[in-house]
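Report on one structure; see the data block that follows.
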Amino acid sequence: MNMKIRIIAFSLTTLLAVGCTAGGPDAPAPAPSPPPTGPVASPVQQVLPATYDFGKVTSGNVPAPLELSVTNTGNAPLLVSNIALGAGASPSFALRLGGGSKPCGSASATIAAGDLCTVEVAFAPSSTGTFTASLQIASNDRTSPTTSVPIVGAAEPVAALTVRINQFQSACPTNEVTAYVSVTDQGGYPVTGLLSPNFTVTQEGTARPLLSLSYVEQAYKPIATAAALDFSSSLTSQSVAFGDMKNGFASYFGAMRADDIGEVVKFGSEVEVTQAFTSEKAKLLAAIAASFDKGGATKMYDAAFQSVGDTGGKSTYRKAVIVATDGADNASVRTLADVSSSALNQNVPVFTIGIGASINRSALEQLATETGGLYYEANTSQNLATIYRQISSILYEKQYILKFDQLSKGAGATSRVTVGVTSGTLSGSATAPVVSCN
């Protein structure tokens, strides 16, 4: 009897407990738990550039290596499990895991959310032809666990010569003239190893014998360089190209010698000399890195005119102006003709670099050609590293120095001097005005 009572009591207690928690047999089922709030932890792999072309590399030359960044744009650690050149990659390419501005260091790396690391791919062809490779990056990115970056490069023999008389310097009251001359191939690389028999100098059709021939690196004369940087919206909106432009100028000024001087000019809707001529590299690099927000228009010609005028006054230096821009001028008071005329009158060559998605090639090429400079074009922003290396090589090392006596034409008279160059079956020439001393 007692046992039955206990069983019944237990059963009633159990039923009461069920009724309290479940609301009885007719009560609705409990609501499901709400889903977790906040973003799902997920790493996202971004590799830039997405593709790359080293362009034309001529025999005996090596371009700047390609720097690739692996960025984690997600919100959880990115675990990179492998970085390697894919099967079938040409041996002309070499992967450098320890290269770039922030090296990954190994084929496996952990990248925090919002962070990145870099690797480099070098291209050093040993023969002519077109070469390809694919860089493969594997990670724990759930959506795209493997990223492939196609890479191509072409090697070819030197097939054309471009000659520029960058600058004349007269030694008045004597008739001796110094000509600074650059000789480049179709890839923009300096042509070296030329000797006196490879050059001819004529003045108004009359041959002028060479007194001497040397390289700048053999008889160095300091150079004054003004750098004009495009900060207009058409370029700043292209963050990779814009960043590479600044890095390229920093590299150029970083290679200055002790007696060289540089100036930084920036332009948008306004033109401003953000660093006047100085030999202090740190000041130049700081000026390049500093922000500049003076409107989104493009006063490229005004900036070039300012740069030419500032450089023209440095009479004891070799001279150069380097303008990096897309060339889409839409706000200048000055014109291309104004810049060209001023540069010729002051013996200042203007080197132009076309960058960005839409380049005014004809204007930039004309400005360079008319002033004794050279025009370069980056088919991708990463090619800027090679372009700045080529310009540095010319102006700091491989520019030829020719000395000759000009004909007496009367003090202040202008005549035309032509410098001709031959190398094997190739030839080229350039003509520029020179002012007579007597």
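Computed over protein heavy atoms with a 1.4 Å probe, the accessible surface of the range 213-360 works out to 37 Å² per residue.
In summary, the lysines within cross-link reach of Lys281, defined as a Cα separation below 25 angstrom excluding same-chain residues under 8 places away, comprise Lys102, Lys221, Lys246, Lys266, Lys294, Lys314, Lys319, Lys398.
By accessible area, using a 1.4 Å probe on protein heavy atoms only, the range 73-227 has 54% of its surface on carbon and sulfur.
With the charge dipole of the chain set up from +1 on Lys and Arg Cβ and -1 on Asp and Glu Cβ about the Cα centre, the Cα lying farthest toward the positive end among the listed residues Ile151, Thr274, Ser393 is that of Ile151.
In the range 76-191, Cα pairs under 8 Å separated by at least six residues give a relative contact order of 22 percent.
Using the Cβ-Cβ distance between Ala337 and Thr132 with R0 set to 45 Å, the FRET efficiency from 1/(1 + (r/R0)^6) comes to roughly 0.50.
By how many degrees, between 0 and 90 and to the nearest 10, does the Cα long axis of helix 2-22 differ from the longest principal axis of the chain? So the inclination is approximately 30 degrees.
With angles folded into 0 to 90 degrees, how steeply does helix 384-393 sit against the dominant principal axis of the chain? Use alpha carbons for both and round to 10. Between the helix axis and the principal axis of the chain, the angle is about 30 degrees. The share of accessible area on the range 387-437 that comes from carbon and sulfur is 46 percent, using a 1.4 angstrom probe. Springs between Cα atoms under 10 Å define the GNM used for the chain, and in it the highest mean-square fluctuation of Pro49, Pro173, Pro150 occurs at Pro173. Rolling a 1.4 angstrom probe over the range 285-358 with all protein chains present gives an accessible area of which 48% lies on carbon and sulfur atoms. The helix-only estimate of mean residue ellipticity at 222 nm for the chain, built from DSSP H runs of length n ≥ 4 each weighted as -39500 (n - 2.57), is -6500 deg cm²/dmol after division by the residue total.
The values are calculated or read from the model by the stated rules, or taken from the named source; none is laboratory data. Remember, it's a predicted structure, so these values are computed and weren't measured experimentally. Every residue, glycine as well, gets a Cβ built from its backbone with ideal geometry; the counts of neighbours run over all protein chains shown. Heads up: the accessible areas ignore ligands, DNA and RNA and are worked out on the full protein's heavy atoms, side chains in. Shrake-Rupley method; radii C 1.70, N 1.55, O 1.52, S 1.80 Å.
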